[in-house]
Amino acid sequence: MANSEYEYVKREFEFESRLPPSNWIVVRIDGCHFHRFSKIHTFEKPNDESALRLMNACATSMLEKFPDIVFAYGVSDEYSFVFREETEFYQRRESKILSLCVSYFTSMYVMKWKDFFPNKELKEPPYFDGRVVCYPNLKTIRDYLAWRQVDCHINNQYNTCFWLLVKSGKTEKEAQQALKGTFSKDKNELLLQQFQINYDDELAMFRKGSCVYRDKVETKVKTDRSGNPIKRTRLVITVANVDIIGPEFWEKHQYILREEKCRYEYVKKFDINHRIPPCNWTVVSINANQFEQFSLTHSFDKPNDETALRLMNASASLMLELFPDIVFGYGFSNEYSFVFQEKTELYQRQESLILSSCTSCFTSFYMMKWKDFFPNKDLVEPPHFEAELLCYPKQKIVCDYLSSRQAECHTSNQYNTCFWMLVKSGKSENEAHQILKGTLSKDKNELLFQQFQLNYNNEPAMFRKGSCTYRQKVEEYVEVEGSENITRERWDVIVEHVDLGMEFWRKRPYILSR
Ligand code: GTP
Ligand code: MG
């Protein structure tokens with residue numbers, strides 16, 4: 001299908017997320033519905049030795065098949081596979097690595113079933129789910145493995161007690177009750193007193209789970225002329241049921257999780273730039289940080305400072321002039337959202353570059369324009385903004401997003417108008433909050449009208465509806481170029497304070513579908 005007109009659906013939409021370099025990659029798989037699976041196949045409780053050996057055999061096959069797996073740890077129906085830190089297996093593509101691991105493991109499980117259960121038919125297909133987790137350093141990967149082994153210990157000790165109690169005649173409920181709130185040493189005591197079992201004598205595979213790795217084994221390859229053995233160390237895949245929480249194992253096997261040398265050109269790979277998926281609408285929503293303090297310092301009017309809002313609008317208009325791909329801006333209070341046209345190629349759609357440049361630019365405009373709007377007020381504190389980038393697949397959702405911001409503008413402005421009227425009339429801030437608690441929109445309109453003879457709908461539209469910033473065609477003119485007349489258009493950025501409903505978009509279809 002190369003180069004057909006349809007080929008773009010793959011090229012542009014397939015995102016293969018790559019796992020960050022220089023991290024140990026762990027794929028942890030877990031049997032799906034193994035509670036049921038173990039029942040159907042009458043596994044022994046709480047541990048079925050054959051079932052666990054089958055899991056270990058599959059894990060061993062994984063290490064044989066995939067040389068970049070340096071360690072595996074398994075317990076019950078789960079297995080974790082650790083890929084070496086700098087593995088380039090499938091260029092570290094997450095979905096490839098994950099799917100291949102669960103699939104190969106499953107395949108081995110079915111193939112090897114009859115080796116471990118020669119007298120049991122496989123009655124249902126076993127299957128596994130899995131996840132990928134990255135661990136950036138030696139401490140975290142070791143702690144991850146220790147966490148799994150601690151889990152193994154806790155579960156196995158509990159299950160051992162539980163099933164012995166049940167087998168001795170208790171109901172499952174009674175067994176649960178007997179174990180509730182007990183500590184590790186209480187359980188050991190119980191096993192010893194009631195069943196004459198020393199927990200430490202239980203199979204190490206049950207108590208510690210299973211580790212699969214390549215062990216250094218010395219083998220005699222031949223003897224030299226004087227009869228001395230010539231030895232060679234080979235790496236042999238080994239299953240061991242040993243402690244991996246303490247340092248001993250890792251001190252003896254430093255080569256397993258050694259940190260690899262970082263080659264210089266490698267550092268580039270850390271520069272992972274997320275790109276916005278194609279045919280999606282990008283919204284950058286900018287919000288002033290610590291604005292409460294900022295507005296206090298610059299003694300802005302409460303609840304709305306008209307000049308401050310006009311400064312926000314002026315900065316937004318400049319944004320539309322500087323970034324032709326911004327098709328719409330909507331702002332109120334201390335926030336402004338900018339909608340980019342669907343197909344923008346600004347910074348090749350790299351998220352962090354779009355987000356940062358917009359925020360920085362807006363900050364600059366705000367500060368440069370300050371003097372025009374507040375000629376008698378010095379800017380004594382640096383305004384600063386935070387922003388987030390939103391991504392919407394449908395135009396309709398963008399409109400809904402904008403409507404939701406306008407609804408928020410309405411709610412908060414109505415509340416604040418009431419609140420500050422009450423405060424200015426002598427109420428404490430606490431009292432004002434109490435009065436407004438639980439009131440509905442129409443109660444607030446009522447309150448404003450009754451107590452302050454104020455009709456909320458007569459308040460300035462900029463306060464009630466926020467501000468819409470967009471381009472409007474203001475002029476069409478004809479220019480003579482040579483012998484030709486060319487019609488040109490002039491578009492200006494305008495600011496309006498209107499409802500952003502269906503009607504708005506129906507009347508101005510050109511805004512979003514340029
Ligand atoms: P999901 O993983 O969410 O699909 O559920 P699950 O049923 O697989 O349960 P989970 O992975 O949380 O726990 C594993 C379950 O497998 C245990 O609760 C046991 O019921 C069962 N299991 C695992 N190993 C053995 C075993 O050696 N013997 C027996 N009898 N059951 C086992
Ligand atoms: Mg499971």
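Just a few scattered comments:
- Selection from ASN228, TRP281, PHE128, by position along the positive dipole direction of the chain (Cβ): ASN228
- Gyration tensor (alpha-carbon) shape descriptor, region 279-357, a/c threshold 1.5: prolate
- Relative contact order (%) - region 17-212, alpha-carbon pairs under 8 angstrom, separation at least six: 31 percent
- Formal net charge of residues neighbouring GLU94 (Cβ-Cβ distance under 11 Å; K, R +1; D, E -1): +4
- Coil-residue chymotrypsin sites (Phe, Trp or Tyr not before Pro) of region 417-453, DSSP, other Cβ within 10 Å capped at 14: none
- VAL70 long-range amide H proximity, modeled H, under 5 Å: VAL82, PHE83, ARG84
- Debye-sum result for region 279-431 in log10 I(q)/I(0), which assumes one identical scatterer on each alpha carbon, at q = 0.08, 0.14, 0.16 Å⁻¹: -0.26, -0.74, -0.93
- Close amide-amide hydrogen proximity is noted between ARG275 and GLU351, each under 5 Å apart and 5 or more residues distant or on a separate chain (H modeled in the peptide plane; Pro and chain starts excluded).
- Which of GLN293, ILE494, ASN455, positive extreme of dipole for the chain (C-beta unit charges): GLN293
- GLU388-VAL9 FRET efficiency (beta carbon distance; Förster radius 41 Å; 0.05 resolution): 0.90
- Each part gets one Cα centre, and for region 337-355 versus region 226-262 those centres are 51 Å apart.
- With every protein chain in place, the chain: carbon and sulfur % of accessible area (1.4 Å): 51 percent
- All C-alpha to C-alpha distances of the chain, sorted into 20 Å bins beginning at zero, yield P(r) values of 16, 31, 28, 21, 4, 0 percent in whole numbers.
- Residues whose placed amide H lies under 5 Å from that of CYS32, excluding near-sequence neighbours: TYR127, PHE128, ASP129
- Here the relative contact order of the chain, from alpha carbon pairs under 8 Å that lie six or more residues apart, stands at 12 percent.
- 0 to 90° range, to nearest 10: angle between helix 138-167 axis and the chain longest Cα axis: 60 degrees
- Between the Cα long axis of helix 49-65 and the first principal axis of the chain there is an angle of about 70°, rounded to the nearest 10.
- Whole-number accessible area per residue in Å² for region 427-466, which is evaluated in the context of all protein chains at 1.4 Å: 66 Å²
- Whole-Hz Karplus values for region 169-177 come out as x, 6, 6, 4, 4, 4, 4, 4, 4 Hz, taken residue by residue from phi with 6.51 cos²θ - 1.76 cosθ + 1.60 and θ = phi - 60°; glycine and proline positions read x.
- Divide the volume of the convex hull around the Cα atoms of region 163-302 by the residue count and you get 482 Å³ per residue.
- Projected over all directions and averaged, the alpha-carbon convex hull of region 17-212 occupies 12.2 nm².
- Cross-link pairs beyond the 21 Å C-alpha cut-off, checked among LYS473/LYS507; LYS96/LYS139; LYS369/LYS424; LYS185/LYS208: LYS96/LYS139; LYS369/LYS424
- Potential lengthening of the chain between ARG36 and LYS427 amounts to 134.2 nm, from the contour at 0.36 nm per residue minus the alpha-carbon distance.
- Distance-filtered residues of region 91-119 - backbone nitrogen under 11 Å, label point 7 angstrom along GLU259 Cα→Cβ: none
- Placing unit charges on the Cβ atoms only, positive for Lys and Arg and negative for Asp and Glu, gives the chain a dipole magnitude near 1860 debye about its Cα centre.
- Region 17-212 - charge dipole about Cα centre, Lys and Arg +1 at Cβ, Asp and Glu -1, debye rounded to 20: 280 debye
- For region 192-233, a crude dipole built from +1 on the beta carbon of Lys and Arg and -1 on the beta carbon of Asp and Glu, taken about the Cα centre, is about 520 debye to the nearest 20.
- Rounded to whole Å, sorted largest first: equivalent-ellipsoid semi-axes of region 1-97, Cα gyration tensor: 35, 19, 11
- Net charge of Cβ neighbours under 15 Å - reference LEU203; Lys, Arg +1; Asp, Glu -1: -3
- For the chain, the longest principal axis of the alpha carbon atoms and the long axis of helix 184-195 meet at an angle near 40°.
- In order along region 317-323, the Karplus-derived 3J(HN,Hα) couplings, from 6.51 cos²θ - 1.76 cosθ + 1.60 at θ = phi - 60°, round to 4, 5, 4, 5, 6, 7, 10 Hz, and Gly and Pro are given as x.
- Residue by residue, region 119-126 carries 3J(HN,Hα) couplings of 9, 10, 7, 7, 8, 9, x, x Hz when phi is fed to the Karplus relation 6.51 cos²θ - 1.76 cosθ + 1.60 (θ = phi - 60°); x denotes Gly or Pro.
- D (Stokes-Einstein, µm²/s), Kirkwood Cα radius, region 198-267, 1.306 mPa s at 10 °C: 102 µm²/s
The values are calculated or read from the model by the stated rules, or taken from the named source; none is laboratory data. For clarity, every value in this text was computed on a predicted model and none was experimentally measured. As a convention, Cβ positions derive from the backbone with ideal geometry for all residues, glycine included, and neighbour counts pool all protein chains shown. In case anyone asks, the SASA skips ligands and DNA or RNA and just uses the protein heavy atoms, side chains included. Shrake-Rupley method; radii C 1.70, N 1.55, O 1.52, S 1.80 Å.
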